[in-house]
Structures are given as C-alpha cells and as structure tokens.
1. If I ask for residues that are free of Cβ contacts under 8 Å to residues at least 60 places away in the same chain and buried (at least 17 other Cβ atoms within 10 Å of the Cβ), which ones from the stretch 306-315 would you list?
2. Name the residue that is farthest from the chain's Cα centre (by Cα), counting only residues in the stretch 184-198 that are hydrophobic (A, V, I, L, M, F, W, C) and more than 14 Å from Asp224 (Cβ to Cβ).
3. Of everything in the stretch 75-124, what is farther than 21 Å from Lys25 by Cα, of a type in the set (D, E, K, R) and surrounded by 14 or more Cβ atoms within 10 Å (Cβ to Cβ)? Give them in sequence order.
4. Which of the residues belonging to the stretch 139-163 are in a helix (DSSP H, G or I) and basic (Lys, Arg)?
5. Among the residues of the stretch 140-163 satisfying the criterion of being in contact with a strand residue (DSSP E or B) (Cβ under 7 Å, 6 or more places away or on another chain) and over 15 Å from Gly256 (Cα atoms), which is surrounded by the most Cβ atoms within 10 Å (Cβ to Cβ)?
6. Which residue out of Arg345, Arg405, Arg355 is more than 30 Å from Lys297 (Cβ to Cβ), touching a residue at least 24 places away in the same chain (Cβ under 8 Å) and either surrounded by 12 or more Cβ atoms within 10 Å (Cβ to Cβ) or not assigned by TED's automatic domain parsing to the domain that holds Leu312 (or both)?
7. Spot the failing condition for Lys136; the list is (1) loosely packed, with under 15 Cβ neighbours inside 10 Å; (2) modelled with pLDDT under 90, and only one is missed.
8. From the list Lys314, Lys292, Lys231, which one is of a type outside the set (A, V, I, L, M) and not assigned by TED's automatic domain parsing to the domain that holds Phe348?
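The values are calculated or read from the model by the stated rules, or taken from the named source; none is laboratory data. Because the structure is a prediction, the values reported are computed rather than measured. Neighbour counts run over all protein chains shown; Cβ positions are idealised from the backbone, glycine included.
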Amino acid sequence: MTYTSKKQPKNLLEFEVTISPEEMKDFYQRALGETAKEITVSGFRPGKAPLDLVERQTSKIKILEQAADIAINQNYREIVTKEKAWPIGEPKIELLKLAPDNPFIFKMTITLMPKVKLGDYKKIKVQAKPIKIEEKDVQKVLQELQQMRRKEVVVNRPAQIGDRAEVDLEMFIDKVLLENGQIKNLSVILGQDFYVPGLSQHLAGMTVGQTKEFNLEYPADHFDKKLAGKKVDFKVKLNNLYQIDLPDLNDNFAQGVGKFKNLAELSEQLKNNLIQEAQVKEDERQEIEVLKQLVVKSAFEELPEILIESELDKIVNELQYGVENQGLKFDDYLMHLKKTRVDLRKDFIPKAEERVKTALAVHEVADQEKIIVDDKELDQEVEKMIESYREQPDLLEHIQSNQGRNYLYNLILNRKVIAFLKR
C-alpha cells in the first residue's frame, strides 16, 4: 500500500491510496470467506463450501466491492496511526479505480481535530463583584408572595387601579388590524401596564359589558420594535372584573407561608435565599468571563464543518427542548419568529463557533495540566442526575447512554478546568 497526502481547507486531510493487485488478492480471499458464511451451497453446511464454488454462485464484482471495504477499513487504521492523526467522525471515501487484476485506488478524506495554541492562561484574572441585597429586594419578594396568596372577588362597579380585568382587545394602526392584534379574554391588572403602556388609565372607570375605543402612542424605546413610536388605536370590551384582596404582611402571614415564627424570620430567610441566588449568578458570570478570556488568548486552526454542525444540532435541540418544556410547539415558535430551522442554524453559527473554541481550549488546558475525570467521579455525577430526574424516564435513558455520559464527563472536566483557572 502506498499513499500521498494533501492538506485541505477546514482542517481536512486528503489521502490518495493505492493498493497493488497482489495485496488485493488477499483482501479478495477474505471477502470470499465472509461471503461463504452468508450463502447456501447445495450439499454443504453454511461456511463449509469450497471457495471456488462460492465464487461461481456469487457476482465477482460484489465480492470485489466487499474486498474494497475490507481494504479501506484496514488501511484507514494503518494510515491514521502512521500519520499520528486525530480524526473526527467517519472518513469520506471516493473510489477512483476498482477492477479485477488492477491496482485499487481510492481517495480518503478525514477531518482532523483542530490544534489549539494556548496563550498565558495562568494569568487569567476575573474580578469578583460584591453581593449586595437591599431591603427593597426583600420587599419585592414579599409582595410577590402576597400576590400569590391573594383572593379575588367578582365585583359589579367601575374598574379601579388594582383590580384584575378580563378584556377582549383589538389593536389597529391606520385602521389595519395588527398581526396577533386580536386577543380574547386578556387578563390585565390595572396599574401594571407592562406590554401596553397607558392601558390602565383607559380601563379605569369601565363597567362589565362596556366597549371603549381610544388610542395610545407607544414610547420610541418600546421593546416591541413593530410598535415603538407608533400611534395605535384600541377597541376594548370589559368582560369580567375582580377586586384583588391582599393579605396583610404580618406574623400571621409568615406563619402561613411556612414554619416561620414571625415576619422578621421570613424576611431573613428570603434575604439569605436572594444572597445564594445572587452568588450562583456571580459564579456563572465569572465562569463565562474566564472561558471568554481563555478563548481570546488562544489561537485555533480552522474549525471543521463537522464540529460546527454538531454544535448547531445541540444548540437547536436545547432551544427546542426549552420551548416544548413550556408547553409550546417548536414549529409554532419558528412561525412566530418567521424563521425556518435553516435560518435558525445560520443565526447560531457564531455561537456554535464560540462554543467549539471554548471546548477545544478547555480540553487543551486539561491535557497540559493533566486534569482528568476518573470513573468514580463520572459514576457519582450520573447517580446524582438519576436522583434528580427520576420522574423523567426519557431523560434518565439519555443520562445513562454513552452520549449522556460523555456530556457529563465534559461537564465535570469544564468545572475542574474553570476551578484551576480561577484559583
């Protein structure tokens, strides 16, 4: 066997391999032996018939093609080992010449794992931000708990700020109904105009069954760009009206929430919870910054398409899981965005490239610093995940699969590398 090699863009390595007729005779005999196990020759047990009889009952071209497969598999391993290559995925094979009593010539293209040249990663520094929880933060959570325990009473009077109204809403610009601008039985708490600024002042004073028309000018910086700075005409019908009665924030309230003696104890627990949540977010911010600096300080060979495509698969699957986990259909979500899956993948290419670079850099640090994940650590992580997701059989199956274990392996490795870089 002889071969020539040529480096191609996108970190591809192309080989043109030639196997002599003499070498192919051996592969042909091996293919003939495999064929003998699969066919029946009258008068002989399976696999025991003379090979010349087997050859007569089978297409020689078919045997030659099988011999080519055996030759490719064997020589692929030999070439990769000799070249000390680190291939990703399966090789791409192109047959150039395959005929009896002739050299077998084929082209083999493999994708190489790109090399990473790390910068001075030991000098990476991230400044920690102090955790500060104020009294207003605790009060906000208390008010949310208060809202969760509210009571609603149907009332037959003009609507007031603080009431909850259910309305049919139609929105127009220049007398044209907006896309998704017709909403039935929309729930609105008067005084909380998150989406439609100024709506409450027009609902206040309305009575059940009443219809009202008015217009509002949206602020230029409104988050919905289709409406920002636009004058929108509204037609609203009030269907139902509820008075919201909130419980008093006192010791009785605290005792009803949980095993708290008084409101002060509940407030202290909420403050501690907020501190823990803020610390988790700060840790995540530091980790993201550490990895960002690691990538910036590193130089990468050209990223292969196979790695980018694989990462795009993961990103889109993660998004789809998140959307469907909220009870929505992913196709409806795409329709709302006015995008196809192809569009989505194009949008996510920069993110995929960044994630690939991050993974490559993390693994390079692990190699250089001899950071490893042993079987015991991996098994413990798998058990922890199994305990957390016992009620989700599909997820449990994935966690225990090779793909799931590989994901958890990389997760632990990332933690170890980040801890090393942050020290």
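1. Here is the first cut: in the stretch 306-315, the ones free of Cβ contacts under 8 Å to residues at least 60 places away in the same chain are 308-315.
Result: Ile308, Glu311, Leu312, Ile315.
2. At the first step, the residues of the stretch 184-198 found to be hydrophobic (A, V, I, L, M, F, W, C) are 186, 188-190, 194, 196.
Checking which are more than 14 Å from Asp224 (Cβ to Cβ) leaves us with 186, 188-190.
Working: Leu186: 32, Val188: 34, Ile189: 35, Leu190: 38 Å.
Applying the filter and picking the extreme gives Leu190.
3. Glu83
4. Within the stretch 139-163, the first condition is being in a helix (DSSP H, G or I), and the residues that meet it are 139-148.
Matches in the stretch 139-163: Lys140 only.
5. First pass over the stretch 140-163, keeping only residues in contact with a strand residue (DSSP E or B) (Cβ under 7 Å, 6 or more places away or on another chain): 150-155, 159, 162-163.
Checking the rest, the ones that are also over 15 Å from Gly256 (Cα atoms) come to 152-155, 159, 162-163.
Details: Glu152: 12, Val153: 10, Val154: 9, Val155: 15, Ala159: 25, Gly162: 15, Asp163: 22.
The qualifying residue surrounded by the most Cβ atoms within 10 Å (Cβ to Cβ) is Ala159.
6. On the way: Arg345 fails: more than 30 Å from Lys297 (Cβ to Cβ); Arg355 fails: more than 30 Å from Lys297 (Cβ to Cβ).
Result: Arg405 is the single residue among Arg345, Arg405, Arg355 that is more than 30 Å from Lys297 (Cβ to Cβ), touching a residue at least 24 places away in the same chain (Cβ under 8 Å) and either surrounded by 12 or more Cβ atoms within 10 Å (Cβ to Cβ) or not assigned by TED's automatic domain parsing to the domain that holds Leu312 (or both).
7. Of (1) loosely packed, with under 15 Cβ neighbours inside 10 Å; (2) modelled with pLDDT under 90, only one is false for Lys136: (2).
8. Numbers: Lys314 fails: not assigned by TED's automatic domain parsing to the domain that holds Phe348; Lys292 fails: not assigned by TED's automatic domain parsing to the domain that holds Phe348.
After ruling out the rest, the residue left standing is Lys231.
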